[in-house]
Amino acid sequence: MPWFGIINEYRNFLPVTHETPVITLHEGNTPLIKAVHFCARARLDLDLYFKFEGSNPTGSFKDRGMTLAISKAVESGAKAVICASTGNTSAAAAAYAARAGLKAIVIIPEGKIALGKLSQAIVHGAHVMQIDGNFDDALNIVKALISRYPITMVNSINPFRLEGQKTGAFEVCDQLMSVPRYHALPVGNAGNICAYWKGYKEYHTAGRTASVPVMLGFQAEGAAPIVRGKKIEQPETVATAIRIGNPASWQEALTVKEESGGRIDMVSDDEILSAYSLVASSEGIFCEPASAASLAGVIKLHKEGFFTPGDAVVCTLTGHGLKDPDTVFRVSKEPSRMAADLEVIEDVITRIV
Ligand SMILES: *Cc1c(COP(=O)(O)O)cnc(C)c1O
């Protein structure tokens, strides 16, 4: 069956009418991939799946929320949209605004945006402003602006973002043809974990599924306000997409944890990078450092004896590794250089095969 994006596919579950214009790049329908080598390599006794959101049109799950946020902005007559971003929101906002013929304004923390994401915002024609401050500063500026200008905010505080993002949970249920016991995600502003939980609950209420999963969220140690129970003024982590010190959906994430009987925990940058290179080398899946926080978290909890052998666990891999290729060289060496000489090369080959 051809796929026409999450609004067309799941419209009965979304706040749209037949008058709502559908601004889509055919996002969603991302693969749910069963782990074949990762578990043995990471010593996990689990039935593990990767929901690879890097397959979305702009390379992250933000597209699911953006198709709805931009469609609703057009329906309401908006001429421009604005967001603060650690990168992927601005890439998605810029692309969907271009598709809709709207202006996009993005405010980003200087020097902390992966180059792939910045180039997306620019190539799609957004007005990009880099501020001398962090994501939380950027978000405060955006909040102040929207009260004074006729611009629609498309950060995850915009409720349509989370409505769109909840379709990730629908797809997991449809693809697995059941509900996983656990669902693990990285946590930055904590919008996505809330969106997935909403999706799982709605599918259950609609009688599509027999249960809901336990939700597991993972922050980076240097940016773990929810775990530590206090705002972090200067969040730091290699996982720039979750480098957030004051999450927009902080309280809501705690509610998800309570309702689902889950956990919000943290993982170190070393644990993140090791999971990031392991999933790439063992499964052929290249995700962002932030995405690997979900895997690193599952490995950590497994070591603590949290799971029962064979538990079905889905990890959302939130974005594509190509957005941030520089990080590869923090965990792997650059290829060695050698003479264009058959004998020299053969000498190496015989050591490989
Ligand atoms: C936005 C983003 C996150 C964090 O999602 P939240 O909804 O802010 O918790 C994680 N990974 C990637 C790749 C992202 O773009």
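Just so you know, all these numbers are worked out from the coordinates, no wet-lab data involved. Small disclaimer: the values here were computed from a predicted structure and weren't measured. So basically every Cβ, Gly included, is an ideal-geometry build from the backbone, and we count neighbours across all protein chains shown.
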For the chain, built as a Gaussian network whose Cα springs stay under 10 Å, the top-fluctuating residue of Ala73, Ala312, Ala92: Ala312
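Are any of the pairs Lys112/Lys230; Lys230/Lys323; Lys62/Lys143; Lys34/Lys230; Lys117/Lys303; Lys62/Lys333 more than 25 Å apart by Cα-Cα distance, and if so, which? All intermediate terms of the calculation are to be shown ahead of the outcome.
On the way: Lys112/Lys230 22 Å; Lys230/Lys323 30 Å; Lys62/Lys143 19 Å; Lys34/Lys230 37 Å; Lys117/Lys303 34 Å; Lys62/Lys333 31 Å.
From the list (Lys112/Lys230; Lys230/Lys323; Lys62/Lys143; Lys34/Lys230; Lys117/Lys303; Lys62/Lys333), the Cα-Cα distance tops 25 Å for Lys230/Lys323; Lys34/Lys230; Lys117/Lys303; Lys62/Lys333.
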Calculated FRET value between Lys143 and His18, using beta carbons and R₀ = 41 Å, to 0.05: 0.80
Phi-based couplings in Hz for the range 123-131 (Karplus 6.51, -1.76, 1.60; Gly and Pro marked x): 5, 7, x, 6, 8, 9, 10, 9, 9
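Calculate for the chain the 222 nm mean residue ellipticity that helices alone would give, adding -39,500 (n - 2.57) per DSSP H run of length 4 or more and normalising by residue count, nearest 500 deg cm²/dmol.
The per-residue figure over the chain is -12500 deg cm²/dmol.
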Estimated vicinal HN-Hα couplings, Hz - the range 199-215 in sequence order (Karplus 6.51, -1.76, 1.60; Gly, Pro = x): x, 4, 5, 5, 5, 5, 4, 6, x, 7, 9, 9, 7, 10, x, 8, 9
Volume of the Cα convex hull of the range 266-353, divided per residue and given in Å³: 137 Å³
Cα-based shape type of the range 50-150, given that a ≥ b ≥ c are square roots of the gyration tensor eigenvalues and the cut on a/c is 1.5: oblate
For Gln130, distant residues with modelled amide H under 5 Å away: Ile108
Under-5 Å amide H pairs with Gln219, H placed in peptide plane, nonlocal only: Val187, Asp265, Met266, Val267
Dipole in debye (nearest 20) - the range 150-289, about Cα centre, beta carbon charges: Lys, Arg +1; Asp, Glu -1: 440 debye
Highest average packing first - 94-100, 34-40, Cβ atoms within 10 Å: 94-100, 34-40
Efficiency of FRET between Arg337 and Thr308 - r from beta-carbon atoms, R0 41 angstrom, step 0.05: 0.25
Intensity falloff of the chain expressed as log10 I(q)/I(0), Debye formula with alpha-carbon point scatterers, at q = 0.13, 0.15 Å⁻¹: -0.96, -1.26
Calculated FRET value between Asp174 and Glu75, using beta carbons and R₀ = 35 Å, to 0.05: 0.85
Longest exposed-site-free window of the chain, the sites being GluC sites (Glu not before Pro) in a DSSP loop that have at most 10 other C-beta atoms within 10 Å: 20-232
Cα→Cβ-extended label distance, 7 Å offset, between His37 and Ala210, nm: 3.5 nm
Directionally averaged shadow of the range 240-282, computed from the convex hull of its alpha-carbon atoms, nm²: 4.2 nm²
Cut-off under 5 Å, modelled amide H: who pairs with Val214 long-range: Tyr182, His183
Per-residue ³J(HN,Hα) for the range 226-236, Karplus 6.51 cos²θ - 1.76 cosθ + 1.60, θ = phi - 60°, Hz, x for Gly and Pro: 5, 5, 7, x, 7, 4, 10, 5, 10, x, 9
